Amino acid sequence: MEKYLIYGAAEIGARAEQRLRENYGEHILGYIDTYKSGMFNSYEIYPLEQCERDVNIVVAVLTPDNAMIISRLLRKNGFQKIYWFCDLHFGKKQSSFLEAECFKIPDWDENILVHGEFHVADNCNLNCRGCTHFSPLYDSLGASFEERLSDLKEIRRIFSDVFRLDILGGEPLLNPELTRYINEIRRLFPKSFINIYSNGVLIPRLGASELEEIAKNNVVFSISEYEPTHRMIDKITEKLDDAGIGYKIVPYNKKQVFNRPISTNEDSKYPRLCISKGCVTIANGAIAKCPTLMYVHKFNETFGENLPTTGILRLVDCTNAAETIKELNKPVPLCNHCVENGMEWSICDREKQFEDFATRD
């Protein structure tokens, strides 16, 4: 029988433990945690040096950045069977907990891109106010398949691999070539965790062949449950459950308060807030530390503003992973304009307003 240790004695670890106990009944030895000792949920928290090296380690943390840090620590200490608990729902059970709900972390070198984001559509069907990708300001899908795929080939040249690659927009399901993208992305990145970010509204319209391609390529969904999504959430989950596609839902009650993310004033009265840390964005032959930086030019063009775009790197100028990562980790002038300015979630009017995205305070 397989044996398990869960790395992370906290809420996500407790969910991993519950899935193991209730759904599969595998043997849980206990927990490992960097900052805690004693007991958690009636299981002992062990120091690394006391743990068997031949067990399955389930890393239960939220971000791929932290999962990568922990996996490197575990490998340094002699562990090899390391999995990231993705906390997904699957309607059709897979053959094991590890196959269904976890991602096996390869023995990657230091030259990987931990988390990359990639548009397949710049426009959106909901057009939320406060969108950090400024999608309501776009009226088309944007770049062609060939142009976008060229960007990913450049990423493959610069980095040895990508841990997590998010397909988004805009709304990615607006693109009729979505499955073509998925097949090519999986071919380029066979080991990556690939995830489609969607508001979910168009999922019930997906055809059988599209669903089959998504499932076959082991691609999952992250669904933001905005009000229109909430009204049809049962249809959305039923469609994905029947297809055996994993998904995670950011629940409706967490989307009641949205954020107006930009101030044109560097010394804004609003506190600074970065909601896109680690969300490296790939688009238009370039790479940037976050989507707000990559797409703020559209805000500038629409409203006659001049927010800084310094820090966007041309892919052809990126010669190696280490230097590129170093540049992406540097703060940029736009960071001084990213703020916390809560507002009620709503959709932009046909005529987009400056106040949908920013404040002059």
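The values are calculated or read from the model by the stated rules, or taken from the named source; none is laboratory data. Fair warning: this is a prediction, and the values are worked out from it, not measured in the lab. All Cβ positions, glycine included, derive from the backbone under ideal geometry; neighbour counts span all protein chains shown. Please note that ligands, DNA and RNA were not included when accessible areas were found on the heavy atoms of the full protein model with its side chains. Shrake-Rupley method; radii C 1.70, N 1.55, O 1.52, S 1.80 Å.
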Reachable aspartates and glutamates from Lys81, Cα under 18 Å, same-chain residues fewer than 8 places away excluded?
Glu2, Glu17, Glu26, Asp33, Glu49, Glu52, Asp54, Glu99, Glu101, Asp107, Asp109
Helix 291-303 sits at what angle to the longest principal axis of the chain, using alpha carbons and giving 0 to 90 degrees rounded to 10?
20 degrees
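Of all accessible surface on the chain at a 1.4 Å probe, what whole percent is carbon and sulfur?
47 percent
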Under 17 Å from the Cα of Lys352, which lysines turn up, not counting those fewer than eight places away in the same chain?
Lys298
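Per 0.36 nm of contour for each residue apart, how much would the distance between Glu49 and Cys274 grow if the chain were fully extended, relative to their Cα-Cα spacing?
Length difference between fully extended and current span is 77.3 nm.
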Label zone at Phe145, where the point sits 7 Å out along the Cα-to-Cβ direction: region 153-186 residues whose backbone N lies under 19 Å
153-154, 167-169, 171-186
Most positive-pole-ward Cα, Tyr270, Cys290, Ile325, against dipole of region 267-361 from beta carbon charges:
Ile325
Tell me, what is the per residue accessible area of the chain in Å², probe radius 1.4 Å?
46 Å²
Taking the full set of protein chains and a 1.4 angstrom probe, give the accessible area of Arg164 in square angstrom, rounded to the nearest 10.
30 Å²
What shape does region 206-289 take by its C-alpha gyration tensor, where a ≥ b ≥ c are the square roots of the eigenvalues and a/c under 1.5 counts as rounded, a/b above b/c as prolate, and the rest as oblate?
oblate
For the chain, the longest principal axis of the Cα atoms and the Cα long axis of helix 178-188 enclose an angle in degrees, to the nearest 10, of 60 degrees
Lys, Arg +1 and Asp, Glu -1 on Cβ, resulting dipole of the chain about Cα centre, debye, nearest 20:
400 debye
Simple spin-label estimate for Asp65 and Glu305 in nanometres, 7 Å along Cα-Cβ:
2.3 nm
Theoretical ellipticity at 222 nm over the chain - DSSP helices of four or more residues, -39500 (n - 2.57) apiece, nearest 500
-8000 deg cm²/dmol
Compute the angle between helix 64-76 and the longest alpha-carbon principal axis of the chain, please, reported from 0 to 90 degrees and rounded to the nearest 10.
30 degrees
